[in-house]
Amino acid sequence: MTSTQQRAELQRQIWQIANDVRGSVDGWDFKQYVLGTLFYRFISENFASYIEGGDESIHYAELNDEVITPEIKDDAIKTKGYFIYPSQLFTSIAANANDNENLNTNLATIFSSIESSANGYPSEPDIKGLFADFDTTSNRLGNTVVDKNSRLAAVLKGVEGLTFGEFEDNQIDLFGDAYEFLISNYAANAGKSGGEFFTPQSVSKLIAQLAMHKQDKVNKIYDPACGSGSLLLQAKKHFDNHIIEDGFWGQEINHTTYNLARMNMFLHNINYDKFNMALGNTLLDPHFGEDKPFDAIVSNPPYSVKWIGKDDPTLINDERFAPAGVLAPKSKADFAFVLHALSYLSSKGRAAIVCFPGIFYRGGAEQKIRKYLIDNNYIETVISLAPNLFYGTSIAVNILVLSKHKMDTNTQFIDASQLFKSQTNTNVLTDEHIKQIMQVFDDKKENEYFAQSVTYDAIAQNDYNLSVSAYIETEDIREVIDITQLNAELKTTVAKIDTLRSEIDVIVNEIERSGI
């Protein structure tokens, strides 16, 4: 079985587990149990593999907890960030799940133990609360303990049956890919509530390539509205042959999604000391001010979300917003996220941000912010994408590329709205589409109906309108009609109709005369 076939089969099995065991539990809520169990299995195998160290004579799961010395535990936590006793491993619990009358409480105790093992260590903020959304006592699992245990056992046994191969045999990505597959499928089926934090993989790939274009290495990569971490992880995949020196940074306002992002880092084998995720409101309580600047920033912030804006008089003096001289509207915080990203960007880096198209042509404060960005030469490219690329919305979004190291004062516009492949529920960007966009992004050459570099003066004279359609003519693909020929064809058709009517009248008259 090829890796592609193996991955496809694994995804089929995972989705089947979700469908088989969720019962009356809402699919979007139940994702936490499937994803949490997958994560529990991963860190168990990861930890056992670390302890065994490739020694085939050691089987960590078969050891007694009593043989674990404080020194072993301390060393493991410093390296892995957490500790799991042999009796707490996924394989130990899953083996007897169907017969364990205390399964739900046992799991709750284990998850608490894993989290608390990091207390007092540098990894504590990265481990604390990881299992908070895996509530084994929730009534969502059933009204009785028996019901709860039955459903938990079904999930455990289902995940136990997944075939990842030997953990050491470079199968780590299978865990991560399976996790992303589940998140994307739940997002697709949950509509807006699910898709709001997940950036489809094809769009993530484009954004990652834009942000890290021609950078041999970056100090670190940052997403100020990281969701489940899909954008950051796509950057990791894109940079397999390069170096992200200090790791991955992200902030997320939703607690459940913040936990997903941290789990996602572990599942893609990013150790706790190589990522830094923060919980909180990026606009009002920004983290990582001491860690900036960042050489690469990727982001898909929420569209047109409300914020306090000018009702907080201190914000206009915030170093992120003060240079523009105006705050983003209270009803539309889009440009607040853009200015935040710009303030965190290094002089050599790029930020690639998914944006609602309205911010590029509306007046008022948004026009003033566009003027600030253009006057200071921070906008490298604006790209319009096809509609229906995202879960839960058919909006044709734009990607804004910010740079502090432009070599000229032109701004590039790319109309990629015709680049998509239709699928059942959404459109997707293919690798060839991404290649087309990146080629023209790189060479900055004019390409009729597709790409145009516009001078500063032309944009200023156009009231700082940054809509792609304002600078790139849409190709007219309508068929050219020869009116003379069409009239001739119509005349012939009408004549034929008249002849046919005359013939029908003759037949009708003959019938009437014969009395038939």
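Just so you know, in the range 459-472 the residues that are open to solvent by 40 Å² or more (accessible area, probe 1.4 Å) and not in a loop (DSSP other than H, G, I, E, B) include one that is nearest to LEU206 (Cα to Cα), and it is SER469.
In the range 345-361, is there at least one residue being free of Cβ contacts under 8 Å to residues at least 40 places away in the same chain, polar (S, T, N, Q), open to solvent by 10 Å² or more (accessible area, probe 1.4 Å) and not in a helix (DSSP H, G or I)? No; the residues of the range 345-361 include none that is free of Cβ contacts under 8 Å to residues at least 40 places away in the same chain, polar (S, T, N, Q), open to solvent by 10 Å² or more (accessible area, probe 1.4 Å) and not in a helix (DSSP H, G or I). Any residue in the range 279-296 that is more than 14 Å from the chain's Cα centre (by Cα), surrounded by 20 or more Cβ atoms within 10 Å (Cβ to Cβ) and free of Cβ contacts under 8 Å to residues at least 60 places away in the same chain? Yes, that holds for at least one residue. Among the residues of the range 96-109, write down those that are in a helix (DSSP H, G or I) and either farther than 21 Å from GLY142 by Cα or not aliphatic (A, V, I, L, M) (or both). Answer for the range 96-109, where residues must be in a helix (DSSP H, G or I) and either farther than 21 Å from GLY142 by Cα or not aliphatic (A, V, I, L, M) (or both): ASN98, ASP99, ASN104, THR105, ASN106, THR109. Residues being surrounded by 14 or more Cβ atoms within 10 Å (Cβ to Cβ) and more than 29 Å from the chain's Cα centre (by Cα) are entirely absent from the range 476-488. Take the residues of the range 423-433 that are surrounded by fewer than 12 Cβ atoms within 10 Å (Cβ to Cβ) and assigned to a loop (DSSP other than H, G, I, E, B): which is modelled with the highest pLDDT? The residue in question is GLN423.
Restricting the first member to the range 76-87 and to residues that are within 15 Å of ASN119 (Cβ to Cβ), and the second to residues that are part of a helix (DSSP H, G or I) and basic (Lys, Arg), the beta-carbon pairs closer than 6 Å and six or more apart or on different chains are PHE83/LYS73.
Counted as qualifying within the range 115-223 are the helices (runs of 4 or more DSSP H) with 1 or more residues that are at pLDDT below 70, open to solvent by less than 30 Å² (accessible area, probe 1.4 Å) and more than 30 Å from SER49 (Cα to Cα), namely 172-190, 192-195.
Scanning the range 374-414 for residues that are under 19 Å from ILE472 (Cα atoms), hydroxyl-bearing (Ser, Thr, Tyr) and part of a strand (DSSP E or B) turns up THR381, SER384, THR411.
On the stretch given as the range 402-417, residues that are touching a residue at least 40 places away in the same chain (Cβ under 8 Å), touching an Asp or Glu at 6+ places or on another chain (Cβ under 8 Å) and either under 12 Å from LYS348 (Cα atoms) or open to solvent by 60 Å² or more (accessible area, probe 1.4 Å) (or both) total 2. Scanning the range 280-338 for residues that are over 21 Å from THR257 (Cα atoms), among the β-branched types (Val, Ile, Thr) and part of a loop (DSSP other than H, G, I, E, B) turns up ILE308, THR314, VAL326. Number of residues in the range 371-389 that are within 24 Å of THR199 (Cβ to Cβ), of a type outside the set (A, V, I, L, M) and in contact (Cβ under 8 Å) with a residue 60 or more places away in the chain equals 2. Residues that are in a helix (DSSP H, G or I) and without any contact (Cβ under 8 Å) to a residue 40 or more places away in the chain were ranked within the range 434-458; the one that is most open to solvent (accessible area, probe 1.4 Å) is LYS435. Does the range 376-386 contain at least one residue that is touching a Lys or Arg at 6+ places or on another chain (Cβ under 7 Å), open to solvent by less than 10 Å² (accessible area, probe 1.4 Å), within 11 Å of SER403 (Cβ to Cβ) and at pLDDT 95 or above? No - not one qualifying residue is present in the range 376-386. Taking helices (runs of 4 or more DSSP H) as the structural unit, those lying wholly within the range 1-95 and holding at least 2 residues that are over 22 Å from ILE127 (Cα atoms) and at pLDDT 90 or above correspond to 90-95. Among residues of the range 362-373 being part of a helix (DSSP H, G or I) and open to solvent by 10 Å² or more (accessible area, probe 1.4 Å), the one that is farthest from LEU466 (Cα to Cα) is ALA365.
Are any residues in the range 224-269 among the β-branched types (Val, Ile, Thr) and in a loop (DSSP other than H, G, I, E, B), and if so, which ones? If the condition is that a residue be among the β-branched types (Val, Ile, Thr) and in a loop (DSSP other than H, G, I, E, B), then ILE253 is the only one that fits. If you go through the range 319-334 and keep only what is of a type outside the set (Lys, Arg) and either surrounded by fewer than 18 Cβ atoms within 10 Å (Cβ to Cβ) or in contact with a strand residue (DSSP E or B) (Cβ under 9 Å, 6 or more places away or on another chain) (or both), you end up with GLU319, ALA322, PRO323, GLY325, SER331, ASP334.
The values are calculated or read from the model by the stated rules, or taken from the named source; none is laboratory data. Just so we're clear, the structure is a prediction, and the values are computed from it rather than from any experiment. For neighbour counting, all protein chains shown are included, and Cβ atoms are generated from backbone atoms with ideal geometry for every residue, glycine included. For accessibility, only protein heavy atoms count, side chains too; no ligands or nucleic acids. Shrake-Rupley method; radii C 1.70, N 1.55, O 1.52, S 1.80 Å.
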